[in-house]
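The values are calculated or read from the model by the stated rules, or taken from the named source; none is laboratory data. Given the structure is predicted, the values throughout are model-derived calculations rather than measurements. All Cβ positions, even for glycine, are placed from backbone atoms using ideal geometry, and neighbour counts span all protein chains on display.
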Amino acid sequence: MHDNITIALDMMSGDDGVASSVPGAIQALNKHQDLFLILVGNKTAIENFIPNDIKKLENTRYNIIHTNELISMQDEVLTAIRSKKQSSMRLSIEAVNQNKADACVSAGNTGALMALSKIILKMLQGIDRPAICGSFPTKDGLTHMLDLGANVQCNSNHLYQFAIMGSALVQSLEISNSPKIGLLNVGSEEFKGNDTIKHSGQLLQKSKLNYAGFVEGDDIFTGNFDLVVTDGFAGNIALKSIEGVANIISHFIKSEFNKNIFTKISAAISYPVMKAVKKKVDPRRYNGASLLGLQGVVVKSHGSADPYAFSRAINTAYYEVKNQILNKITNLINTEMSDAK
């Protein structure tokens, strides 16, 4: 492995494939001078999008692993596992397993990425299931939330483990040394929720984690919590709802500003404010969901990511490696287990 931080990229996946992944990779290289990239995909297609000045950096800042095989969004998970042994996604994950890369990033099929990562990299000791963790903007910073769709059904121990992994992630990103954790529920009162949620709350109260109780959906954006824990069913619904609300609000604003000459003048006057707001809520800035619980760093980019969004997913992987997220999760698991004995 190179002395630098090395990240393997699945270049073929995502809606735009190399048209987004190559420019995004170049943006990441420009941002981090200690970053080395392994570009996995069709060599000719990749090189067609690499400017001549960047091509001079081959073997010093990046190299290419050639493959024509792709796992599509329509592929069944079993097909991806059994029939596509040379896919760009699988080879990227295997690069981590073979210690050729410190992390991998893919914009591909979430189910296939999760299944292949679990099979190839295996789980961290003490963790039963991987979970998808993402971040959302708040008034003062970010709130992280997991699980965002990997586990539709969870028991109380799974949610407790998610809290451990999410807490370690937030600590590794230096957001907080003692992340404030909330458990997503239908109300903040202790008597509300199903038996799984109630038991999870009891486990978290007994732990050394900074557990602050039940939270509701609107608490995700208040900034009062560093981490919100939920199962993948509720988490994915929350994620898609948030994306939908953001899109419809954007549509309403554009529609109102374009109604007539006066609203267009208003739009021009308010442009600096709207630009600042758009930057804060731009979903591309928060692209890159972490697959936590694996013996390796894996980051899932949104399938529709443009170059900037894809570079942000690489950025997420870069900082997880730099801040030793795997060691911190393992240490926190060991601390919690020793206290439970």
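Some points to look at:
- The one condition in (1) in contact with a helix residue (DSSP H, G or I) (Cβ under 8 Å, 6 or more places away or on another chain); (2) under 24 Å from Arg312 (Cβ atoms); (3) not in a strand (DSSP E or B) that Ile249 fails to fulfil: (1)
- Qualifying residue in the range 27-49 (condition: within 17 Å of the chain's Cα centre (by Cα), modelled with pLDDT of 95 or more and under 19 Å from Glu320 (Cα atoms)): yes
- Every residue from the range 80-96 that is in contact with an Asp or Glu (Cβ under 9 Å, 6 or more places away or on another chain), of a type in the set (Lys, Arg) and farther than 23 Å from Ile5 by Cα: Lys84, Lys85
- For the range 159-202, a residue qualifies if it is over 26 Å from the mean Cα position of the chain (by Cα) and in a helix (DSSP H, G or I), and the qualifying residues are Asp195, Lys198, His199, Gln202.
- Residue list for the range 161-178, filter: surrounded by fewer than 23 Cβ atoms within 10 Å (Cβ to Cβ) and free of Cβ contacts under 8 Å to residues at least 60 places away in the same chain: Ile175, Ser176, Asn177, Ser178
- Only one entry of Ser255, Ser266 meets the criterion of being more than 29 Å from Val18 (Cα to Cα) and either touching an Asp or Glu at 6+ places or on another chain (Cβ under 7 Å) or exposed (fewer than 13 other Cβ atoms within 10 Å of the Cβ) (or both), and that entry is Ser255.
- A Cβ distance below 8 Å, combined with a sequence gap of six or more or placement on separate chains, defines the contacts here; from the range 90-111, residues that are in the same structural domain as Ala313 (by TED's automatic domain parsing) and without any contact (Cβ under 8 Å) to a residue 40 or more places away in the chain reach residues that are of a type outside the set (Val, Ile, Thr) and crowded, with 24+ Cβ neighbours inside 10 Å in the pairs Arg90/Leu116.
- With respect to the conditions (1) within 21 Å of the chain's Cα centre (by Cα); (2) surrounded by fewer than 24 Cβ atoms within 10 Å (Cβ to Cβ), Arg61 lacks only one, and its number is (1).
- In the set (1) of a type outside the set (Gly, Ala, Ser); (2) within 16 Å of Ser135 (Cβ to Cβ); (3) at pLDDT below 85, the condition left unmet by Phe225 is number (3).
Residue by residue, here is whether (1) assigned to a helix (DSSP H, G or I); (2) in contact with a Leu (Cβ under 7 Å, 6 or more places away or on another chain); (3) free of Cβ contacts under 8 Å to residues at least 12 places away in the same chain holds:
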{"position": "Val298", "(1), (2), (3)": "no, yes, no"}
{"position": "Gly303", "(1), (2), (3)": "no, no, no"}
{"position": "Asn315", "(1), (2), (3)": "yes, no, no"}
{"position": "Tyr318", "(1), (2), (3)": "yes, yes, no"}
{"position": "Val321", "(1), (2), (3)": "yes, no, no"}
{"position": "Thr330", "(1), (2), (3)": "yes, yes, no"}
{"position": "Met337", "(1), (2), (3)": "yes, no, no"}
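- Every residue from the range 1-44 that is among the polar types (S, T, N, Q), buried (at least 19 other Cβ atoms within 10 Å of the Cβ) and in a loop (DSSP other than H, G, I, E, B): Ser13, Asn42
Listed here are the residues, each with its yes/no results for (1) under 19 Å from Ala107 (Cβ atoms); (2) free of Cβ contacts under 8 Å to residues at least 12 places away in the same chain.
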| site | (1), (2) |
| --- | --- |
| Asn63 | no, no |
| Ile71 | yes, no |
| Leu78 | no, yes |
| Ser87 | yes, no |
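- Unique residue being of a type in the set (S, T, N, Q) and either over 18 Å from the mean Cα position of the chain (by Cα) or closer than 20 Å to Asn323 by Cα (or both) when the list is Ser117, Ser106, Ser156: Ser156
- For the range 270-284, the condition of being in a helix (DSSP H, G or I) and under 30 Å from Met123 (Cα atoms) holds for at least one residue.
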